[in-house]
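S.K.: Encoded as structure tokens, here's the structure I'll be asking about.
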Amino acid sequence: MNIFEYGFTNDLLPEDKIGIPARIISVHKGRFGIVSDYGEGFAQLKSKEYYFKGEAFPTVGDFVLIDYIENGDSRITATLPRRTFFSRSDPDIGRGEQVVAANFDTVFIMQSLNDNFNSKRMERYLTAVRQSGAEPVVILTKADLTDDYLPYILETSRVAEGVETHIVSSRTGYGMEYLGKYLQKGRTLVFLGSSGVGKSSLVNALAGEEIMGVSGIRESDSRGRHTTTHRELVMLKNGTMVIDTPGMRELGMWDISEGLGQAFSDIEKYAQMCRFRDCRHEHEPGCAVRAAIESGELDESRLESYRKLKTEAKYSDDKASYRRQKEQWAKSISVYSRKMKKEGKIKK
């Protein structure tokens with residue numbers, strides 16, 4: 001086994017750190033599946049580096065350095081620089097940002113052609129993917145469930161203008177031939193979509209074998225239970241790597257300052273023409289955004305989504321700032337306490 005087959009390049013190696021390069025292929029509670037030149041195994045974080053020196057916690061897809069241990073869990077000593085990464089607000093309150101996947105090339109934004117289809121969710125996913133720096137591709141799954149694709153295509157083109165879109169069915173094979181161009185040796189794909197959208201089925205179809213468990217969906221609401229229970233990177237036979245993530249029905253925005261502008265380029269285009277730089281696009285004179293909406297060139301629902309995500313991102317940023325200040329305060333108290341103990345002014 002060769003780590004270079006997993007997308008590693010020598011330019012990732014830092015000059016000030018030593019260790020054996022590896023890639024994170026799965027994330028469990030307190031334990032990481034890894035692959036290196038020694039093959040597949042497990043590793044745990046080196047506490048000193050991650051809990052005291054502030055090393056970035058690794059996630060699936062990350063390249064790391066390890067102290068290799070042959071008959072036990074290796075120790076992860078460093079997280080190498082990320083080329084791309086996808087993050088969200090951590091579901092656990094107070095923990096800030098959660099990096100979901102790293103070092104990928106293309107993200108399949110997946111929605112199925114049934115009640116799962118949700119343009120608002122697509123906008124959220126597209127914004128986050130644009131922020132990540134990767135290439136977004138919309139995959140509309142379960143083509144066998146409908147004969148009328150047009151409404152879905154029109155809505156997708158409205159919210160994901162310029163983004164390649166493919167309609168497929170893992171069950172019948174419809175449209176699968178068009179996904180071949182994304183399957184290249186050494187490249188990494190991320191599958192992103194909510195429960196029951198058919199991520200595992202599509203992975204199995206692309207792999208040509210059953211490598212992920214598949215569960216059915218409830219006919220009452222077209223929703224499914226999570227099949228994938230942890231984030232995992234899988235190597236296909238042709239050398240393409242796929243990162244499958246547990247379904248995320250809600251995606252909390254984190255830092256999306258750049259991705260928001262790209263995902264809503266239609267809004268940004270008109271906003272640049274407004275008379276006032278701080279225009280809120282409400283009742284201001286000379287507002288090009290309002291003019292575009294009134295003329296039918298722009299859909300007002302797009303402006304509503306843009307405002308909502310922008311507000312949510314600002315809220316997340318405010319929370320992150322508060323958390324950093326709180327951590328800095330706790331650190332200064334700890335330093336002061338140690339100093340007082342050392343000087344004998346506080347009993348140990």
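The values are calculated or read from the model by the stated rules, or taken from the named source; none is laboratory data. Here the structure is a predicted model, which is why all the values come from computation and not from measurement. All Cβ positions, even for glycine, are placed from backbone atoms using ideal geometry, and neighbour counts span all protein chains on display.
S.K.: With the requirement that a residue be more than 16 Å from N118 (Cβ to Cβ), exposed (fewer than 14 other Cβ atoms within 10 Å of the Cβ) and among the hydroxyl-bearing types (S, T, Y), what does region 138-173 give you?
M.R.: Of everything in region 138-173, those that are more than 16 Å from N118 (Cβ to Cβ), exposed (fewer than 14 other Cβ atoms within 10 Å of the Cβ) and among the hydroxyl-bearing types (S, T, Y) turn out to be Y149, T172.
S.K.: Just wondering, is there one or more residues in region 83-100 that are in contact with a Lys or Arg (Cβ under 7 Å, 6 or more places away or on another chain), closer than 30 Å to S201 by Cα, aliphatic (A, V, I, L, M) and at pLDDT below 85?
M.R.: Checking region 83-100: at least one residue is in contact with a Lys or Arg (Cβ under 7 Å, 6 or more places away or on another chain), closer than 30 Å to S201 by Cα, aliphatic (A, V, I, L, M) and at pLDDT below 85.
S.K.: Mind listing whichever residues of region 293-305 are at pLDDT 80 or above and within 16 Å of V159 (Cα to Cα)?
M.R.: Passing the criteria: I293, G296, E297, L298, D299, E300, S301, R302, L303, E304.
S.K.: Please pick out the residue among A43, A102, A56 that is assigned by TED's automatic domain parsing to the domain that holds D148 and small (G, A, S).
M.R.: A102
S.K.: Looking at region 57-87, which of the residues that are over 16 Å from the mean Cα position of the chain (by Cα) and over 16 Å from L13 (Cβ atoms) is surrounded by the most Cβ atoms within 10 Å (Cβ to Cβ)?
M.R.: Out of the qualifying residues, it is S74.
S.K.: Here is a further query. Between R130, R124, R187, which is farther than 30 Å from F8 by Cβ and either of a type outside the set (D, E) or without any contact (Cβ under 8 Å) to a residue 60 or more places away in the chain (or both)?
M.R.: R124
S.K.: Could you list, in sequence order, the residues of region 158-192 that are in a loop (DSSP other than H, G, I, E, B) and under 24 Å from G7 (Cα atoms)?
M.R.: L183, Q184, K185, G186, R187
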